[in-house]
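Some notes on the structure that comes next.
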Amino acid sequence: MISLIAAVAENGAIGKGNQLLWHIKEDLAYFKQVTMGHPVIMGRKTFDSIGRALPGRRNIVVSHSKLSLPTPPAFKKDGTPSNTTIEQAEDLSSLLQELKRKRTEFFVIGGATLYSAAMPFAKRVYITKIFAEAEGADAFFPKMNEAEWKEVSSSKVLTDKENNIKIQFVVYERKS
């Protein structure tokens, strides 16, 4: 199953200068909790902005250009085996066609181009709603057609004291 996960401002913004708009501890913890143990799919720029493979996940970087990807350590610091892998896919469409039949939940984690291309394949979307406008943003989450999606869960609205903004975790599923 293909899922998308993103933190989205009120104006649809998700990034600026190849970086997240805000570093919100609750959102980063939620992202880790939801994606841990699941494969994550990202574009090259997203991978570059993260700077490493996300631990505990199969990392798939989509790029038409041949990449020199680092090899994650085979073992964690405590000596236990690492289940972190990293690989490249050159064609997102073929990758998504292959993965949509799998029982495992695969998460598209950015950037904007990948979100747009993956939206037609997605069965679930995890949105951290950021109740703020993002000035000067240059990356945006694709519009979701409300007729195609239903909200299946939402958290209470939380306040991120560090950034002085409100957030809410909302999950949508594609209507059958």
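Numerical summary
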| read-out | value |
| --- | --- |
| Gaussian network model of the chain, Cα within-10 Å springs - most flexible of 29, 134, 53 | 29 |
| In order through the range 89-97: 3J(HN,Hα) via Karplus (6.51 cos²θ - 1.76 cosθ + 1.60), integer Hz, x for Gly, Pro | 10, 8, 10, 5, 4, 5, 4, 5, 4 |
| Residue-by-residue Karplus 3J(HN,Hα) for the range 17-28, coefficients 6.51, -1.76, 1.60, Hz, glycine and proline x | x, 6, 9, 5, 6, 9, 9, 10, 3, 4, 5, 5 |
| Residue-averaged 222 nm ellipticity for the chain, from DSSP H runs of 4+ at -39500 (n - 2.57), nearest 500 | -5000 deg cm²/dmol |
| Amide proton proximity set for residue 108, modelled H, under 5 Å, gap of 5+ | 3, 4, 5, 41 |
| Lys, Arg +1 and Asp, Glu -1 on Cβ, resulting dipole of the chain about Cα centre, debye, nearest 20 | 560 debye |
| Beta bridges per DSSP with both ends in the chain, % antiparallel, nearest 5 | 50 percent |
| Residues with amide H under 5 Å from that of residue 59, placed H, sequence gap 5 or more | 40, 85, 86, 87 |
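Laboratory data are not the source of any read-out in this text; all were calculated from the coordinates shown. All of these numbers come straight from a predicted model, not from anything done at the bench. Heads up, the Cβs are rebuilt from the backbone with ideal geometry, glycines too, and the neighbour counts pull from every protein chain shown.
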